[in-house]
Amino acid sequence: MGSINTDEICAGVAGSFALEGELTELISYGSGHINDTLCATCRLPGGGTKRYILQRMNDDIFRNPAELMENVINVTAFLRKKILAAGGDPERETLNVVKTRDGRNFLTDENGDFWRAYVFIEDATSFDQVEKPEDFYNSAVAFGNFQRLLSDYPAETLHETIKNFHNTVSRFEDFKKAVAQDVAGRAKEVQEEIRFVLDREADCHVICDALEKKEIPLRVTHNDTKLNNILIDNRTGKGLCVIDLDTVMPGSALYDYGDSIRFGANTGAEDEKNLELVSCDLELFELYTKGYTEGCAGSLTEREIRLMPMGAKLMTLECGMRFLTDHLQNDVYFKIHRENHNLDRARTQFKLVADMEEKWERMNEIVEKYA
Ligand code: ADP
Ligand code: GN1
Ligand code: MG
């Protein structure tokens with residue numbers, strides 16, 4: 001994938017999707033680390049405008065776009081029925097895929113890149129950081145709800161879009177390989193960070209082992225539950241729509257819970273350079289714990305709840321490990337916007353892990369209230 005030239009795309013790609021009206025604007029959009037996202041505005045014949053999200057899927061990461069889109073189509077169709085049954089609005093409460101003019105779920109352009117389109121969900125916001133605690137609480141309820149709505153989804157029909165996505169043990173092995181290969185010659189500068197990960201090898205096994213021993217259930221999970229992967233309704237303030245469905249796969253509720261804490265309970269940004277600003281806010285931690293258990297409506301087991309602090313710590317450690325791996329591999333996975341961006345991201349994650357370790361007892365006391 002090269003960089004995006006929106007003018008060229010304007011004529012070709014956007015025109016291939018069954019968008020209503022005439023395309024008037026195409027701009028880069030959002031702050032995701034994986035796909036290239038554009039917002040397309042179309043002028044409608046009868047007046048007014050309609051917007052769409054146009055995405056070039058990252059095919060270095062998602063090797064099989066047909067399977068990925070099959071997951072998205074099936075999961076959103078499943079959610080649509082449940083939303084309708086509950087008297088909700090499926091046009092806003094789930095993603096709606098816009099097909100190509102020849103009826104396909106996605107488009108392959110002349111460069112061999114893969115594109116998809118969604119209806120843009122208006123009057124809703126995706127936050128890159130918690131601005132109001134109640135937004136975080138509401139996102140927790142919505143992610144919990146999402147988990148509950150998919151609890152009877154036929155998991156065996158889902159394609160595994162990224163193998164071993166949250167297998168922290170295999171992530172640890174990948175990390176060690178990246179350190180040994182040191183393709184970018186950066187390992188010598190990050191010895192302290194490497195040590196931080198190596199010292200926590202035993203932790204990496206906890207959730208994998210619990211799943212394997214069936215101490216906690218395998219569920220259909222989102223697997224990428226950071227705050228900017230949910231849209232909050234501008235009018236009601238409630239979590240409206242869970243987006244970024246590329247990694248919906250069988251997993252643990254602790255992945256979803258933990259990843260949200262990693263991102264949203266951080267007092268700093270994911271890429272904050274001043275590590276003094278980075279810590280785990282226990283009030284936000286508690287709010288999310290409350291919201292998520294409420295959203296799951298009693299479906300979480302006691303063991304899952306007791307493992308929540310571990311879920312938060314492990315998802316943070318794993319993500320830091322992934323950022324550091326990418327730094328060691330010359331930034332081939334996550335989009336970067338400055339030098340050492342992945343290293344800065346890794347450092348915030350490790351600072352958060354260390355802070356959680358200091359607050360461990362209090363984190364456990366908090367989740368105990370919800371067990
Ligand atoms: P990535 O995988 O790169 O994170 P996302 O699917 O999360 O890509 O999309 C990036 C951003 O685009 C989101 O964080 C959100 O701000 C916005 N977005 C995505 N889909 C929609 C939609 N249907 N309506 C409105 N905004 C959207
Ligand atoms: C990526 O796609 P996005 O930006 O929502 C990544 C997540 C990481 C996250 C870190 C498919 O999420 O796993 O936790 O960055 N998604 C994928 O911010 O790897
Ligand atoms: Mg995203």
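The values are calculated or read from the model by the stated rules, or taken from the named source; none is laboratory data. Quantities reported herein were computed from a predicted structural model and do not represent experimental measurements. All Cβ positions, glycine included, derive from the backbone under ideal geometry; neighbour counts span all protein chains shown. To get the accessible areas, we keep the full protein, side chains included, count just its heavy atoms, and leave off ligands, DNA and RNA. Shrake-Rupley method; radii C 1.70, N 1.55, O 1.52, S 1.80 Å.
Could you give me the ³J(HN,Hα) list for the stretch 109-114, computed from phi with Karplus coefficients 6.51, -1.76, 1.60 and θ = phi - 60°, whole Hz, x at Gly and Pro?
8, 5, 8, x, 7, 10
Which value in Å does the Kirkwood hydrodynamic radius of the stretch 118-221 take, with 1/r averaged over all unlike C-alpha pairs and then inverted?
Details: mean 1/r = 0.0562 Å⁻¹.
Roughly 17.8 Å, rounded to one decimal.
Provide, for q = 0.08 Å⁻¹, the log10 of I(q)/I(0) from a solvent-free Debye sum over equal Cα point scatterers in the chain.
The Debye formula, applied to the Cα set alone, gives -0.40.
With unit charges on the beta carbons (Lys and Arg positive, Asp and Glu negative) and the dipole taken about the Cα centre of the stretch 1-123, which residue among Gly32, Val72, Gln55 sits farthest to the positive side?
Val72
Leaving ligands, DNA and RNA out of it, report the carbon-plus-sulfur percent of the accessible area of the chain at a 1.4 Å probe. Numbers along the way, then the final one.
Working: 7740 of 16510 Å².
For the chain, the apolar C and S fraction of the accessible surface comes to 47 percent.
Given charges of +1 on the Cβ of Lys and Arg and -1 on the Cβ of Asp and Glu, with all other atoms neutral, how large is the dipole of the stretch 310-363 about its Cα centre, in debye to the nearest 20? Let's see the in-between values first.
Values: 9 positive and 9 negative charges, 26 e Å.
It works out to roughly 120 debye.
Let me check I have the definition right: for the stretch 51-126, take the eigenvalues of the Cα gyration tensor, multiply each by 5, take square roots. What are those semi-axes in whole Å, largest first?
24, 14, 11
Scan around Asp36 for amide H atoms under 5 Å from its own, H built in the peptide plane at 1.01 Å from N, and keep only partners 5 or more places away or cross-chain.
Arg56, Asn58
Given H placed 1.01 Å from N in the peptide plane, which residues other than close sequence neighbours of Phe17 have an amide H under 5 Å from its amide H?
Arg101
What is the Cα radius of gyration of the stretch 288-343 over 2.2 N^0.38 Å, N being its residue count?
1.60
Stick to the Cα atoms of the stretch 30-169, pair each with every other, and give me the Kirkwood hydrodynamic radius in Å at one decimal.
Its Kirkwood hydrodynamic radius stands at 17.3 Å.
Could you work out [θ]222 nm for the chain from helices alone, using -39500 (n - 2.57) per DSSP H run of at least four and dividing by all its residues? Round to the nearest 500 deg cm²/dmol. Could the numbers behind the result be given before it?
Details: 15 runs with 165 residues, N = 371.
So the calculated ellipticity at 222 nm is -13500 deg cm²/dmol.
Can you compute the charge dipole magnitude of the chain about its Cα centre, using +1 on each Lys and Arg Cβ and -1 on each Asp and Glu Cβ, nothing else charged? Give it in debye, rounded to the nearest 20.
Working: 44 positive and 65 negative charges, 129 e Å.
Charge dipole of the chain: 620 debye, to the nearest 20.
Determine the equivalent ellipsoid of the stretch 244-371 by diagonalising the alpha-carbon gyration tensor, then write out the semi-axes as square roots of 5 times the eigenvalues, largest first, rounded to whole Å.
Numbers: eigenvalues 142, 59, 25 Å².
For the stretch 244-371, the semi-axes come out at 27, 17, 11 Å.
Using each residue's phi in the stretch 307-321, evaluate 6.51 cos²θ - 1.76 cosθ + 1.60 at θ = phi - 60° and report the 3J(HN,Hα) Karplus result to the nearest Hz, with x for Gly and Pro.
8, 4, x, 5, x, 5, 5, 5, 5, 6, 4, 4, 5, x, 4
Rank by packing, highest mean first: peptides 67-79, 215-227, 184-196, 158-170, with packing defined as the count of other Cβ atoms within 10 Å averaged across residues.
Values: 67-79: 18.6, 215-227: 21.6, 184-196: 14.2, 158-170: 16.8.
Top to bottom by mean Cβ count within 10 Å: 215-227, 67-79, 158-170, 184-196.
Put +1 on the Cβ of every Lys and Arg and -1 on every Asp and Glu Cβ in the stretch 264-371; which of Ala269, Tyr333, Thr293 then has its Cα farthest towards the positive end of the dipole?
Highest projection toward the positive end goes to Tyr333.
I'd like the distance separating the alpha-carbon centroids of the stretch 310-358 and the stretch 107-127, in whole Å.
Distance between centres, Cα-based: 27 Å.
In Å and whole numbers, how far do the C-alpha atoms of the stretch 157-199 stretch along each principal axis, longest first?
Principal extents (largest minus smallest coordinate, Cα): 45, 23, 11 Å.
Which far-off residues, 5 or more places away or on another chain, put their amide H under 5 Å from the one on Asn96, with H placed in the peptide plane?
Val119
Can you list the lysines whose alpha carbon sits under 27 Å from that of Lys82, skipping same-chain ones fewer than 8 residues off?
Lys50, Lys99, Lys226, Lys238, Lys290
Considering only Lys290, Lys82, Lys213, give the residue with the highest GNM mean-square fluctuation for the chain, with springs between Cα atoms whenever their separation is below 10 Å.
Lys213
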